[in-house]
Amino acid sequence: MKKVLVVGGGGREHAILWKLKQGKEALELFCAPGNGGIAQIATCVPIKADDVEGMVAWSKENGMDLVFVAPDDPLALGMVDALQEAGIRAFGPTKAAAEIEWSKSYSKWLMKKYGIPTADFEVFDDADQAIRYLLEANYPIVVKADGLALGKGVLICDNFGQAKQAVQEIMLDKKFGAAGAQVVIEEFMTGPEVSVLAFCDGKTILPMVSAQDHKRAYDGDEGLNTGGMGTFAPSPKFTPELQEYARKAIFEKTVEALNAEGREFKGVIFFGLMITPDGLKVLEYNARLGDPEAQSVFMMMDTELIEVIDAVIDGTLDRVSFQWKDGNAVCVVMASGGYPQKYESGKLIEGLDDVEDGVVVFHAGTKLGEDGRLYTNGGRVLGVTAVGKDIPHAREIAYRNAEKIRFEGAHYRKDIGIK
């Protein structure tokens, strides 16, 4: 039996393991570090997701046939490179290929050089220069920390005062640590956002169904940015015409650009897109599955995930064709009170056994207590995910079941999928 280790411990990793378990091939599943819900379908290993040496050593000692590196931090640290050097079959991009996520300035430069549509931008490594540039800028404007900041290092500024404060917080106060050594300042674009996750084997790119995330903490897109409060898939706004344009002008061009730079990409590219009045443009790249996009997208996928993973590693993705369910999926994220700011963990979770068949509750921030019961252990706690004949139907099922689950301080948006 093939031994598979998934690196990470959130909702995305639970979705990967759930999808692998749905397949026909019997697999022995492990997750490091995992969480309370993941522990119900895989053996959890107490190694931190960004412990490259520890992960490689454990994988070697325990004879892993495949290691799926899911989160951004270990990819940026070169975990895939280290696994490959140790002779271990690994899924995910190398550190060099993953730079499209861990350096926003690199990704913007790549798009500019190879004519991939994106917002106009400037990059600064000096705060005073950035602030001088902002004196003459058009507003609103977007100020981004260059490195990884858990999805929170992007600040939309309506005037010079806000933009100056954003630069000071990122570059001088080091609010996002080393991620703020440089800032990317770019034009503010308007329009609906769409996320497309695509498997890539270095030559072929195979997009999955589109998804739409809800980043703000509260209804009506109010409150602070979060890691994502819910998704639906596919997005009706991503029409067949837009899909065809994206394939030629963005997806295939990105693969060609990375190859031209000697950075063959094998894994999942996340395309954050915006449908602007001037056409489809790239907001950002990620070098891995989105969270919570993966939860809704995998609910729609009928193809065996292990087959796709093997094809990506072996460079045979051109032989794979995706099968998708009819209808739509909706994922509602239940978060701890106070998230994305200060929140408490260790709250008992009740009602999970009352959830209807066919609805999947993906665990993001949970832990098993010594009493065998589940407790909260993070900001985003659960992703209640349902499939329906259309978005309103899937919403109704997801929310009906979210209401059955209880923990102290629980909050979730009530408008996922309404727009």
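Quick notes on this one:
- Test result for Lys95, part of a helix (DSSP H, G or I), free of Cβ contacts under 8 Å to residues at least 40 places away in the same chain and open to solvent by 10 Å² or more (accessible area, probe 1.4 Å): no
- Restricting Glu344, Glu408 to residues that are touching a residue at least 60 places away in the same chain (Cβ under 8 Å), more than 23 Å from the chain's Cα centre (by Cα), open to solvent by 60 Å² or more (accessible area, probe 1.4 Å) and within 25 Å of Gly8 (Cβ to Cβ) narrows the list to Glu344.
- Selection of the stretch 341-391 for residues being part of a loop (DSSP other than H, G, I, E, B) and touching a Pro at 6+ places or on another chain (Cβ under 7 Å) yields only Gly379.
- Per the listing Glu222, Glu193, Glu244, the residue uniquely touching a residue at least 60 places away in the same chain (Cβ under 8 Å) and acidic (Asp, Glu) is Glu193.
- Number of the condition not met by Glu187 [criteria: (1) surrounded by 20 or more Cβ atoms within 10 Å (Cβ to Cβ); (2) at pLDDT 90 or above; (3) touching a Phe, Trp or Tyr at 6+ places or on another chain (Cβ under 9 Å); (4) within 25 Å of Gly228 (Cα to Cα)]: (1)
- In the stretch 216-268, of all residues being among the β-branched types (Val, Ile, Thr) and part of a strand (DSSP E or B), the one that is surrounded by the fewest Cβ atoms within 10 Å (Cβ to Cβ) corresponds to Val268.
- Some residue of the stretch 40-56 being of a type in the set (Ser, Thr, Tyr) and open to solvent by 20 Å² or more (accessible area, probe 1.4 Å): yes
- For the stretch 99-146, the candidate set comprises residues that are of a type in the set (Gly, Ala, Ser) and part of a loop (DSSP other than H, G, I, E, B); within that set, the residue that is surrounded by the fewest Cβ atoms within 10 Å (Cβ to Cβ) is Gly115.
- Residue check for Ala181: within 30 Å of Tyr339 (Cα to Cα), open to solvent by 40 Å² or more (accessible area, probe 1.4 Å) and in contact (Cβ under 8 Å) with a residue 40 or more places away in the chain: yes
The values are calculated or read from the model by the stated rules, or taken from the named source; none is laboratory data. It should be emphasised that the depicted structure is a prediction, and the values quoted were computed from it without experimental measurement. Heads up, the Cβs are rebuilt from the backbone with ideal geometry, glycines too, and the neighbour counts pull from every protein chain shown. To get the accessible areas, we keep the full protein, side chains included, count just its heavy atoms, and leave off ligands, DNA and RNA. Shrake-Rupley method; radii C 1.70, N 1.55, O 1.52, S 1.80 Å.
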